[in-house]
1. Which one of these is β-branched (Val, Ile, Thr) and either assigned to a loop (DSSP other than H, G, I, E, B) or at pLDDT below 95 (or both): ILE10, ILE67?
2. What tally of residues in segment 43-64 results from selecting those that are closer than 18 Å to SER23 by Cβ, modelled with pLDDT of 95 or more and over 12 Å from the mean Cα position of the chain (by Cα)?
3. When you go through (1) over 12 Å from the mean Cα position of the chain (by Cα); (2) modelled with pLDDT under 95; (3) surrounded by 12 or more Cβ atoms within 10 Å (Cβ to Cβ); (4) small (Gly, Ala, Ser) one by one for GLY97, which number turns out not to apply?
4. Filter segment 109-140 down to the residues that are of a type in the set (S, T, N, Q) and either within 17 Å of the chain's Cα centre (by Cα) or outside any loop (DSSP other than H, G, I, E, B) (or both) and list them by number.
5. Looking at LYS117, LYS131, which one is modelled with pLDDT of 95 or more and within 20 Å of GLN28 (Cβ to Cβ)?
6. Which residues, taken from segment 70-89, are surrounded by fewer than 17 Cβ atoms within 10 Å (Cβ to Cβ) and either closer than 13 Å to PHE99 by Cβ or of a type in the set (Lys, Arg) (or both)?
7. With the structure loaded, tell me whether PHE89 is of a type in the set (Phe, Trp, Tyr) and part of a loop (DSSP other than H, G, I, E, B) or whether it fails that test.
Amino acid sequence: MKLILVIALIFMAFGCQAQKEFSWLEGQWVNQKNGSIEEWVLEPAELRGKVYSVQNGDTTVLEKLAIKKIKDDWFYVADVSHNSEPTHFKMTLIEPGHFICQNPEHDFPKQIEYILKNESLSVIISDGEKKIPFEFKRKK
């Protein structure tokens, strides 16, 4: 019984920390160029996200995302159909409304940066030379 309580407390602590660090990201964000939606939901121990598009009433999930703590480090995890396994990017900077995560072993991108500006979200993916920005507005 004590073990179950300890495990529950650990999950609650991670959940509280995820809510504190990344609550600004929760919600739906509309890509200003192509209309795709990036959606984030706070779960008990992590944030769950997905990128999807809706055309003619059909929803297509393009990418599944997560932000979670593994041991002592935060990771941004991207699961896309063209990769056999999810790709983990370690958070190297976490500030209110801003984070940077990196995976130097990945082909592209090697770095992902999220920047909140009022009700707008900038996401910049890069490999050190090439940068691709994405601009989102919070969906009301």
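The values are calculated or read from the model by the stated rules, or taken from the named source; none is laboratory data. Predicted model only: the values in this text are computed from it and were never measured. Here Cβ is always computed from backbone atoms with ideal geometry, including for glycine, and neighbour counts include all displayed protein chains.
1. On the way: ILE67 fails: either assigned to a loop (DSSP other than H, G, I, E, B) or at pLDDT below 95 (or both).
On inspection, the qualifying residue turns out to be ILE10.
2. Qualifying residue count for the region: 0.
3. Tallying (1) over 12 Å from the mean Cα position of the chain (by Cα); (2) modelled with pLDDT under 95; (3) surrounded by 12 or more Cβ atoms within 10 Å (Cβ to Cβ); (4) small (Gly, Ala, Ser), GLY97 fails exactly one: (2).
4. Narrowing segment 109-140 to residues of a type in the set (S, T, N, Q): 111, 118, 120, 122, 126.
Hits for segment 109-140 are GLN111, SER120, SER122, SER126.
5. None of the other options fit; the residue is LYS117.
6. Correct list: LYS71, ASP73.
7. Numbers: of a type in the set (Phe, Trp, Tyr): yes; part of a loop (DSSP other than H, G, I, E, B): no.
No, not satisfied.
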